[in-house]
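Read-outs throughout are calculated quantities, based only on the coordinates presented, and are distinct from any laboratory measurement. In this text, all values refer to a predicted model and were calculated from it rather than measured experimentally. All Cβ positions, glycine included, derive from the backbone under ideal geometry; neighbour counts span all protein chains shown.
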Amino acid sequence: MKMRNWIIGSVIAGGVGLCVAGGVAYSYTSKLNQQLDTYVLPHTSFEGISLDGKTKKEVEEIVQQKVDQLNQQTISYTLNGVTETYTWKDLGVQYKGTDVAKQVFEEQQGNLKERYNFRKKAENNELNRSYKLEAKLDSQKYEAFIKDKYNNLLSKPKNASIAINGTAITITESKDGSQVDKNQLKALTEQSIATANTQIQVPIMAVRPERTTEDVKNMGITEVIAEYRTPMNGRNASQTFNVQRAASTLTGAFVAPDEVFSFNGRVGITDAKNGYQSAAVFINGKIEQSAGGGVCQVSSTLYGAVLRADLAVVERSNHSLPVGYIPLGQDAAVADYGPDLKFKNNTGKHIYIQSFVENNQAVARIFGTSTGKNVQVSSKVISDTDKAVVVDTYKTVTLNGKVLQSGRISKSTYKKPEKAGA
């Protein structure tokens, strides 16, 4: 009986002991979990600020205070002695690592053994945690901020130009303009944010003109490559006026390599509305009065220069009646809506056309790059009847004495005039 009571007492005592031990273990675990779920363990810092014993909310407040502080940091941009200052917030700075509170408490999670060891290391200074923000420029926000700033040219670029006075060619050199280099400015801003630099000298880059000195020189307009003159003897005042007006409109034309030049396209409509006077013209083989009489002398003179520059003639028509200012077969009739004089620049370089009246002569000059060619133009009457004259025109091109081309280039038929016309 005594043995039985002793056994029962031992069992009861053991059970009570286990309950007490279990209760102690539970209490310890509960306190450990509460501590690691609620407070930051020792030796934990953020941007040099101790977070030891802080709650999650307190950590979040500390982080936000730091963000607010950084947002008020400034960068000053100086351009030509003028300084503009902007905050990091203005510039669109964003921060990586603001979720410190979440990260800290996630690291303090785990099973009982893991949490115990984690706390033990922290308390024994065997575990140090340090967190920092990483400031970076948000490209989208920065571009929106800078979009309307620093866009104006600081100085305008100046195109190179070419001026021709007589036969003298003068090139006025180009000059670069300047403007803010916004790509480099962004790079400097990113660098300043990374290094906490507060001053930026705004970078400037050159702005090239549309036409540089090199461009003009490469055009190849270096000398007169062909010139042709026709006499203006017998021209009345209206015809002379029209010749001068058309010549002044024609002069100054640049023709690019392989470009087809149109006389009508350059000179335009030659009617009274455009300032041309009434003078004698050929219409269907008859002499009549109409605005623009005399303009054909300008086109014919140009045609003479075109032939001697060995340019490729695309379109040319002779007059219905002979003209007295140029050999038969070498004229080029034009009218507002056709015919036209067209040619292609086949020199490989730009050419420049100059047209004017000088010493009672209509003059056409073509400037470009000399090819060394020599061109001879001649005409021959092959038929002369009471009703018409037929003329063949020939051109011979030589280079260093060698014939490159020789043959007929056109056939012209003229009605016989009752009276010489213009």
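Here are some notes:
- Largest GNM mean-square fluctuation across GLN69, GLN179, GLN239, computed for the chain with C-alpha springs under 10 Å, falls on GLN69.
- Under 29 Å from LYS186, Cα to Cα: lysines that are on another chain or at least 8 residues apart: LYS66, LYS89, LYS96, LYS132, LYS136, LYS141, LYS147, LYS149, LYS156, LYS158, LYS175
- Compactness of segment 310-422 - radius of gyration and Dmax, Cα, Å: 15.9, 46
- Modelled FRET efficiency - R0 45 Å, LYS121 with ASN71, Cβ distances, 0.05 increments: 0.80
- Longest to shortest principal axis, alpha-carbon extents of segment 207-333, angstrom: 56, 32, 24
- Estimated from helical segments only, the mean residue ellipticity of the chain at 222 nm is -10500 deg cm²/dmol, where each DSSP H run of four or more residues counts as -39500 (n - 2.57).
- Placing +1 on the Cβ of every Lys and Arg and -1 on the Cβ of every Asp and Glu, with nothing else charged, gives segment 39-143 a dipole about its Cα centre of roughly 460 debye.
- Each of ASN233, TYR352, ASN374 was placed along the dipole of the chain (beta-carbon charges, centred on the mean Cα), and the one lying farthest toward the positive end is ASN374.
- The chain: proportion of alpha-carbon pairs further apart than 27 angstrom, %: 71
- For segment 20-119, convex hull of alpha carbons as volume per residue, Å³: 95
- Degrees, to the nearest 10: 295-308 long Cα axis against longest axis of the chain: 80
- Built amide H within the under 5 Å cut-off of TYR131, gap 5+: SER45, PHE46, GLU47, GLY48
- FRET E, pair ASP215, THR29, Förster distance 60 Å, beta-carbon r, rounded to 0.05: 0.10
- Nearest-0.05 FRET efficiency for ASP271 and LYS416, computed from C-beta distance (R0 30 Å): 0.55
- Mean separation of Cα contacts under 8 Å (6+ apart) over length of the chain, as relative contact order %: 12
- Per principal axis, descending, Cα span of segment 66-140 in whole Å: 65, 26, 16
- Among LEU250, LEU36, LEU341, residue whose mean-square fluctuation peaks in a GNM of the chain (springs only between Cα atoms under 10 Å): LEU36
- Here the dipole of the chain is about 660 debye; that uses its Cα centre as origin and unit charges on the Cβ of Lys and Arg (positive) and Asp and Glu (negative).
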